[in-house]
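The values are calculated or read from the model by the stated rules, or taken from the named source; none is laboratory data. In this text the structure is predicted, and so the values were computed from the model without any measurement. Areas reflect the complete protein model, heavy atoms only, side chains present, ligands, DNA and RNA absent. Shrake-Rupley method; radii C 1.70, N 1.55, O 1.52, S 1.80 Å.
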Amino acid sequence: MMLQLEPFRKRHIPELFKWFSSERDVLIWGGAALSWPLKRRPFIDLIKRHRGTNPDREIWAVIRDGDMVGHFQIGFNRRLKTAALGRIALAPHLRGQGLSAPLLVLILETAFQRAWVHRVDLMVYAPNAPAISAYQRAGFVLEGTRRQTTPYGDEIWDTHIMSILRPEFDKRTERE
């Protein structure tokens, strides 16, 4: 059950798109910048924009036994010593099987491998309770809530801001 990383490529796009079956799924996962149905071009453009030796964003495919089972993106801000996580996804058929913990460890190790990163943060919509629980179990702290940020149908969702600091991550990894 070893999870491995490889750069997200065009060949991963069809598998990723299979994981989302509705506008709500896409909005909860990818935010308001993505449209439904998902389109290849924005992902291809994203891949092209963030190539090179020192990109400000990394886009990853998480692989297990040769298959893509997860996806995430990390945006880096060297000045603020921050890594911002986004678009974290686990293949639907694997949810609820205990993979979120090793996935989040892998994501945090990837972010904190840069010595200058002091803080890793993310935003998550309030209706995404499974993700919020997984982030808390991984050591993320709820810092605050941006109230009623995102309308969807008859609802208006809150956005939670969560983070973990390097000393907190280091302490957690020492125990394991």
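A few comments on the model shown:
- Phi to ³J(HN,Hα) by Karplus 6.51 cos²θ - 1.76 cosθ + 1.60 over segment 53-59, Hz, x for Gly, Pro: 7, 9, x, 7, 9, 10, 10
- Mean separation of Cα contacts under 8 Å (6+ apart) over length of segment 79-176, as relative contact order %: 28
- Ranking TRP60, TRP157 from most to least accessible surface, computed with a 1.4 Å probe over the protein chains only, gives TRP60, TRP157.
- Kirkwood hydrodynamic radius over Cα pairs of segment 92-153, then Stokes diffusion coefficient at 4 °C and 1.567 mPa s, in µm²/s: 96
- Ranking of ARG11, ARG95 by solvent-accessible surface, largest first: ARG11, ARG95 (1.4 Å probe, protein heavy atoms only, all chains present).
- Eligible aspartates and glutamates near LYS171 by straight Cα distance, threshold 14 Å, same-chain separation 8 or greater: GLU109
- Taking a straight line from the alpha carbon of LYS18, these lysines sit under 21 Å away, with near neighbours fewer than eight places off in the same chain left out: LYS10, LYS39.
- Accessible carbon and sulfur surface of segment 31-176 relative to its total accessible area, %, 1.4 Å: 50
- Relative contact order (%) - the chain, alpha-carbon pairs under 8 angstrom, separation at least six: 17
- Along each principal axis, Cα extent of segment 1-124, largest first, Å: 38, 32, 26
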